[in-house]
Amino acid sequence: MTETTMEDVESFRLRARAWLADNMPLLADAAPLTPGEDDDHEWERARELQKLLYDGGFAGICFPREYGGLGLTLAHQKAFTQESLDYEMPLLLNKPTFAICAPTILDAGSEEQKREYIGGAIRGERVICQFLSEPSGGSDLAGLITRADRDGDNWVLNGAKTWSTSAYAADYGLCLARTDWDVPKHKGLTMFLVPTKAPGITMNRVRMVNGSMEFCEEFFDDVVLPASAVVGEVGDGWTVASRQLFHERNAMGGGSPYISGRSISRGMGHISPLEAALATGRMDDPRARELVGRGLAFGRVQQQTAVRVTRAIASGALPPIASSLLRLLHAEYAQTDRDLTLRIAGASAGFGTGAAQGATGRVGVDYLMRQSGSLGGGSTEMARNVISERLLGMPREAALDRDVPFSQVKRGR
């Protein structure tokens, strides 16, 4: 097979099947993921598994060859994912490294950045996170106040970020900062690649109600960055961030071509409505069966919608902004799934830490986390605004800061 001849999907599938059986450890033998703070070994394991995939020729399936990938199609990726379900995979690297950050660098980075960071991620040498949300910013990402000021050939970064998924385990973060305060808010931004261990960065992990500590908050105090840290053009960071948000919505909705293996949740212990019905002995209960059927039908709708929208975006039938449809549907499904599970579990729903409380021991905790589906990856309110205004052409929502220099925009303390 030459580089100009693409291997057919079935041949690739059979080759992957044989390689996985000979080289990858079985999932049944792997230790379960834990959501607490002592998980460094899990990240080291993920890097080891990624290196194993790379050495075997099955890493970066949909990334271009020139940056370390295989240059194959989504169909090849799906075939590999199907074959890999019984094996331990570096799932921790999927989001945000492969699904969001590496594709953003592919879209907007320099050739040097693409080779170093995409290639490094594919080889298991780079983990990349996002530094986007801010304590005072809410869903108004363009209203951020973290700043980067020129200092000769360098930039000096000051400010704070929060809700940064897996930042504690990352090597670099894609950080959006304000570099010009005298232009409207969308025009004065620049994207940077920031080493997470750089002097001047203080990082804290945030414990969630379900025990997970995957989120972090960061404080930047005179962090010095070289000119080569800029991704895209100075002052054009919103263009880069827009592509980043596209990939994030796509990943949240199940449409990313760069995710290898099944999706995971660090929440631990989440069970489906069907599993709840089986665990509580309610499969003969007509009402429980109705709720299970509703959950299964909604799940199938979400899966098929993700396929349809992804294909439409790829063909040009829908604009990239249509990924907001997937983001919104993902949230609606996740919340409905947890609602149905709680209704089926009933009094069996616990708020404990898992196995000691039985199969439904954490249903209550999962329910308390249900609202995260409306916030992670951008709020559902923002998704609805994007769909209505930019996809359906409805009138734009009023904004007092539109076309106003950001230095003149009134803000709280």
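In this structure, Asp151 and Asp55 have a Cβ-Cβ separation that, at R0 = 60 Å, corresponds to a calculated FRET efficiency of about 0.90. An ellipsoid equivalent to the chain, defined through the eigenvalues of its Cα gyration tensor, has semi-axes of 34, 28, 22 Å when rounded to whole angstrom and sorted largest first.
The slack between Leu27 and Met6, meaning 0.36 nm per residue of separation minus the straight C-alpha distance, is 4.6 nm. Helices in the chain, meaning DSSP H runs of at least 4 residues, each add -39500 (n - 2.57). Divided by all residues, the mean residue ellipticity at 222 nm is -11000 deg cm²/dmol. Kirkwood-type hydrodynamic radius, the range 97-171: 13.9 Å, calculated from all non-identical alpha-carbon pairs. You can think of it this way: the chain between Thr239 and Thr202 has 10.5 nm of extra reach, that is 0.36 nm per residue less the Cα-Cα gap.
In terms of its alpha-carbon gyration tensor, the range 209-259 comes out oblate; a/c meets the 1.5 threshold, while b/c is at least as large as a/b. Here the label points at Arg311 and Asp403, each 7 Å from Cα along the C-beta direction, are separated by 4.2 nm in the simple model. In percent, rounded to a whole number, the relative contact order of the range 274-396 is 27, using alpha-carbon pairs under 8 Å and six or more apart. Residues within the reach of a label modelled at Arg396 (point 7 angstrom out along Cα to beta-carbon, backbone nitrogen below 19 Å), restricted to the range 132-146, are 139-144. Indicate the gyration tensor shape class of the range 285-334 (rounded, prolate or oblate), computed on the Cα atoms with a ≥ b ≥ c the square roots of the eigenvalues: a/c under 1.5 is rounded; otherwise a/b larger than b/c is prolate and the rest oblate. Judged from the Cα gyration tensor, the range 285-334 comes out prolate (a/c at least 1.5, a/b above b/c). Annotated for the chain: lysine pairs at least 8 residues apart or interchain, Cα distance under 19 Å, count 9. Dividing the C-alpha radius of gyration of the range 156-289 by 2.2 N^0.38 Å, with N its residue count, gives 1.44.
The charge dipole of the chain, taken about its Cα centre with unit charges on the Cβ atoms of Lys, Arg (+1), Asp and Glu (-1) only, comes to about 1280 debye.
Beyond 19 Å, what share of the Cα-Cα pairs of the range 1-111 remains, rounded to the nearest whole percent?
So the pairs more than 19 Å apart make up 49 percent of the total in the range 1-111.
What number results when the radius of gyration of the range 269-391, computed over Cα atoms, is divided by 2.2 N^0.38 Å?
1.22
Put simply, when 386-393, 247-254 are sorted by average Cβ atoms within 10 angstrom per residue, most first, you get 247-254, 386-393.
Each reported figure results from applying straightforward, stated rules to the coordinates on display, with no laboratory input. As the structure is a prediction and not an experimental result, all values here were calculated from the model. No Cβ is skipped: glycine too gets one built from the backbone with ideal geometry, and neighbour counts run over all protein chains shown.
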